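Just below is one structure, and these are the notes that go with it.
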Amino acid sequence: MSGLVQSSLAEGVTVVTINRAEALNALTPEMLAELSELFVELDRTAECRAVVLAGQPKAFSVGADLKGRVAEYDSGGARDPMGEIIRGLFSQMEKISKPVIAALAGYVLGGGFELALACDLRIADSTAKFGFPEANVGSMPGAGGTQRLTRLVGPSVAMELMFGGERISADEAYRLGIVNKVVAENEAVSAAVDFGKKIAGKAPLSIDRIKRSVYVATSSDLATGIEFEQISHAFLRGTKDREEGMRAFVEKRVPKFTGR
Ligand code: CO8
């Protein structure tokens, strides 16, 4: 590991921090590959029940490392290593069974905004600034941003943000439904960890099935979504945790969930 990505697990919540402050957390293929390896590991780690993804106080991330992109031109490379890794990582984040909560501060731009959108929830501090400047550099959001932002805010607002490239404040992002909550400066990580701990007390299989069902809702027609929900509900009926949860309620005690 290069130190570009750090993680620590406590009380069921893993905080993953992107650590490249000197370049405002500009994303490199190496960093994204490390994130991807880490998410594989977190998905297998039973003690990890929720993930908080954080950046630095000045920037969650300013997006793709433009210096690296220029170097790709200079070396005549036709491949797009960044594109391959970033798309794989974002779909992996949606598929892992644990909720991923973005804790946002400072610049959340371009691919950094797309990274935040690939998380399940977003909590921003009052310094967070969001924008898609890709059209300024002849590019476009290419890691799912056009799709995920449109699903959150609708086509008209999504195009306004991506055509104009203007930065919006945390409060505006909240008003548009892009972030779930805005907290005071430097409090996004602690607020996200608090929510993660709340999730850590729930039945893990319920959380997994809710997450999957919601993503089916954003990518299918209603009948398909209802069918998936029904299958998921039937699956949970056969789990030990469901019986434990219901017995604990009746016996007025805290349930002990095992993920089975
Ligand atoms: N890449 C590499 N380095 C960067 C980047 C970047 N995107 N942004 C900032 N930096 C570096 C600067 O070069 C500088 O380093 P140095 O001092 O060594 O030159 C350091 O970070 C600090 O930056 P500034 O001095 O510019 O700081 P300011 O506070 O004055 O400005 C801004 C901050 C406004 C964020 C400004 O740096 C900026 O506009 N950065 C570019 C942001 C941008 O355009 N991002 C979008 C990139 S395109 C993208 O993300 C597409 C993703 C597609 C992924 C999928 C592909 C398939």
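Okay, here's what the table says:
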item	result
Residues of region 106-129 that turn out to be part of a loop (DSSP other than H, G, I, E, B) and either outside the structural domain of residue 166 (by TED's automatic domain parsing) or near the ligand (Cβ under 8 Å from one of its atoms) (or both), as a count	1
Only one of 131, 165, 142 that is open to solvent by less than 10 Å² (accessible area, probe 1.4 Å) and either in contact with an Asp or Glu (Cβ under 9 Å, 6 or more places away or on another chain) or among the acidic types (Asp, Glu) (or both)	131
Filter result for the condition that a residue is touching a helix residue (DSSP H, G or I) at 6+ places or on another chain (Cβ under 9 Å), free of Cβ contacts under 8 Å to residues at least 40 places away in the same chain, within 12 Å of the ligand (Cβ to nearest atom) and acidic (Asp, Glu), over 22, 72	72
Condition met for residue 13 (more than 16 Å from the ligand (Cβ to nearest atom), buried (at least 21 other Cβ atoms within 10 Å of the Cβ) and at pLDDT 95 or above)	yes
Total residues in region 206-260, condition in contact (Cβ under 8 Å) with a residue 60 or more places away in the chain and more than 24 Å from residue 149 (Cα to Cα)	1
Matching residues in region 141-156 - criterion: being of a type in the set (A, V, I, L, M, F, W, C) and near the ligand (Cβ under 8 Å from one of its atoms)	143
Residue check for residue 31: within 21 Å of residue 120 (Cβ to Cβ), touching a Phe, Trp or Tyr at 6+ places or on another chain (Cβ under 7 Å), more than 10 Å from the ligand (Cβ to nearest atom) and assigned by TED's automatic domain parsing to the domain that holds residue 121	no
Tally of residues being open to solvent by 20 Å² or more (accessible area, probe 1.4 Å) and β-branched (Val, Ile, Thr) across region 95-128	1
Checklist (1) within 16 Å of the ligand (Cβ to nearest atom); (2) at pLDDT 95 or above applied to residue 100, failing item	(1)
Some residue of region 71-80 being surrounded by 15 or more Cβ atoms within 10 Å (Cβ to Cβ) and at pLDDT below 95	yes
Some residue of region 49-66 being open to solvent by 10 Å² or more (accessible area, probe 1.4 Å), among the hydrophobic types (A, V, I, L, M, F, W, C), assigned by TED's automatic domain parsing to the domain that holds residue 191 and outside any loop (DSSP other than H, G, I, E, B)	yes
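The values are calculated or read from the model by the stated rules, or taken from the named source; none is laboratory data. Only a predicted model underlies this, so the values are computations on that prediction, with no experimental measurement involved. So basically every Cβ, Gly included, is an ideal-geometry build from the backbone, and we count neighbours across all protein chains shown. Ligands, DNA and RNA are stripped out before the accessible areas are found, and what is left, the full protein with its side chains, is counted by its heavy atoms. Shrake-Rupley method; radii C 1.70, N 1.55, O 1.52, S 1.80 Å.
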